[in-house]
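Following: one structure in structure tokens, then a few remarks.
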Amino acid sequence: MLLLRDSPKLLDLFKSLARSIPESLKVYGSIYHINHGNAFNMEVLVDTWPEYQTVIIRPQKQEMTDDKNQYINTYSIFSKEPQKLQEILENYEVINWKQILQIQGCQESLGEGIRRAAFLKSVKVKYDDALLFITKDILKFTVSNNTKLESWGETGHPEEEYGSGDPNFKFSPLDISHSGLVNDSWKLGQNEKSLLYIQRCIQTQPAYCLLGPEGHPVTWAILQPTSEMGVAYTLDGYRRRGILKQLVAHYLKFLRQKNMPFYLSVVKENEAALRFVTQFGFFEASCGWHRWTCYPQTSSLTG
């Protein structure tokens with residue numbers, strides 16, 4: 001596997017991956033943020049260049065110091081030849097199988113290679129899937145030749161341009177002081193490691209909320225390092241008042257204006273969320289959202 005470092009190659013890869021959307025969305029969204037500041041210190045591996053078949057996004061080595069932190073030990077994969085993935089995962093040191101980790105992608109066909117490689121490494125795999133939702137924006141997403149590879153934070157904030165439709169609520173960036181509130185409501189979080197992840201997302205990614213009459217967040221959403229919208233929540237007492245709809249409308253307007261890719265996932269059983277996202281032009285993609293969480297069985301990590 002080859003490590004792509006320089007910006008021109010990463011930009012070329014980004015443009016190329018656009019032709020494989022929606023299957024490439026996890027790596028496509030990750031490379032967008034790598035090209036725009038790389039706040040999570042990720043790196044990009046390809047099997048060959050410039051003609052590639054498999055792309056793997058992983059944290060740089062200095063990030064993966066905690067063997068139990070699956071929020072950071074997360075890999076995104078896209079492959080034009082998923083049947084060859086097992087060989088790559090077995091024979092190249094692209095994954096640290098001694099850690100608890102996540103592998104994410106938008107191709108169910110990645111699963112066989114991941115499971116077989118994990119079995120040979122004495123690693124237990126837990127699989128989760130969801131429906132992938134996109135808008136027409138992502139299908140026609142292009143990058144101009146004069147795209148500036150700058151941090152998203154340098155491009156301005158939506159609250160400078162849009163006011164809230166309800167004077168009782170103010171559209172605002174999430175602050176690091178809000179991280180505990182966000183983490184406590186996140187079903188996939190509610191622990192110290194997830195809190196650190198939330199704090200980092202708030203500090204480095206577009207993360208916004210509506211502040212209620214008392215000046216505290218009452219609904220919020222975060223863009224994750226893969227460009228997936230998530231961690232959205234509305235506090236009890238403020239639901240069924242249309243404020244999440246108000247937040248999402250402002251949020252999407254900002255992302256579109258800044259030409260940022262975005263998408264989201266919804267579990268099949270969450271009928272209310274399925275109805276909600278379609279109000280904003282989201283529709284189910286031709287592929288799904290997939291996650292393989294890996295636990296080394298021979299390690300004390302699982303004890």
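Which semi-axis lengths, in whole Å and largest first, follow from the square roots of five times the eigenvalues of the Cα gyration tensor of region 216-286?
One finds semi-axes of 19, 16, 12 Å for region 216-286.
If R₀ is 22 angstrom, what is the calculated FRET efficiency for the pair ARG239 and LYS268, using the beta carbon separation as r and rounding to 0.05?
0.50
Provide the per residue accessible area, probe 1.4 Å, for region 151-258, rounded to a whole number of square angstrom. Working shown, then result.
Numbers: 5120 Å² over 108 residues.
Each residue of region 151-258 exposes 47 Å² on average to a 1.4 Å probe.
Once neighbouring chains are kept in place and the probe is 1.4 Å, which whole percent of the accessible area of the chain is contributed by carbon and sulfur?
47
Where q = 0.10 Å⁻¹, what log10 of I(q)/I(0) comes from the Debye formula for region 1-152, counting one point per Cα?
-0.34
At 7 Å along Cα-to-Cβ for each site, give me the label-to-label distance between HIS216 and SER109 in nm.
5.0
Would you mind calculating the gained length between LYS126 and GLN257 on full extension (0.36 nm times residue separation, minus the Cα-Cα distance), in nm to one decimal?
43.4 nm
Sorting ARG115, ARG200, ARG275 by accessible area (1.4 Å probe), largest first, what list results?
Sorted descending by solvent-accessible area, the residues read ARG275, ARG115, ARG200.
Between GLN297 and GLN60, how high is the FRET efficiency from 1/(1 + (r/R0)^6) when r is the Cβ-Cβ distance and R₀ = 25 Å? Nearest 0.05.
It comes out at approximately 0.40.
Computed FRET efficiency, Cβ-Cβ of LYS170 and SER286, R0 45 Å: what is it to the nearest 0.05?
0.70
State, as an integer percentage, the relative contact order of the chain based on alpha-carbon contacts under 8 Å between residues 6 or more apart.
About 25 percent, as a whole number.
Within the chain, which is the longest segment that contains none of the GluC sites (Glu not before Pro) sitting in a DSSP loop with at most 10 other Cβ atoms within 10 Å?
The longest uninterrupted stretch comes out as 94-213.
For region 283-289, in order, what is each residue's ³J(HN,Hα) by Karplus, 6.51 cos²θ - 1.76 cosθ + 1.60 with θ = phi - 60°, in whole Hz (x at glycine and Pro)?
Going residue by residue, I get 9, 5, 6, 6, 10, x, 10 Hz, with x marking Gly and Pro.
Enumerate the lysines that LYS121 could reach by cross-link, defined here as Cα to Cα under 22 Å, with residues fewer than 8 away along the same chain left out.
LYS61, LYS68, LYS84, LYS98
Give me D for region 168-303 in µm² s⁻¹, whole number, from Stokes-Einstein with Rh from the Kirkwood sum over alpha-carbon pairs, 20 °C and 1.002 mPa s.
Working: Rh = 16.2 Å.
Estimated via Stokes-Einstein, D reaches 132 µm²/s.
Compute the relative contact order of region 151-258 as a whole-number percentage, counting only Cα pairs closer than 8 Å that sit 6 or more residues apart in sequence.
In percent, rounded to a whole number, it is 25.
What is the ratio of the Cα radius of gyration of the chain to 2.2 N^0.38 Å, where N is its residue count, to two decimals?
0.99
Charges at C-beta only: +1 for Lys and Arg, -1 for Asp and Glu. How large is the resulting dipole of the chain about its Cα centre, in Debye rounded to 20?
That gives the chain a dipole magnitude of about 360 debye.
Relative to the longest principal axis of the C-alpha atoms of the chain, give the angle of the C-alpha long axis of helix 192-204, reported between 0 and 90° and rounded to the nearest 10°.
In the chain, helix 192-204 runs at an angle near 70 degrees to the longest axis.
The values are calculated or read from the model by the stated rules, or taken from the named source; none is laboratory data. Every value quoted in this text rests on a predicted model; they were computed, and no experiment measured them. Note that we place each Cβ from the backbone using ideal geometry, even for glycine, and neighbour counts take in every protein chain shown. All accessible areas refer to the heavy atoms of the entire protein, side chains included, with ligands and DNA or RNA removed. Shrake-Rupley method; radii C 1.70, N 1.55, O 1.52, S 1.80 Å.
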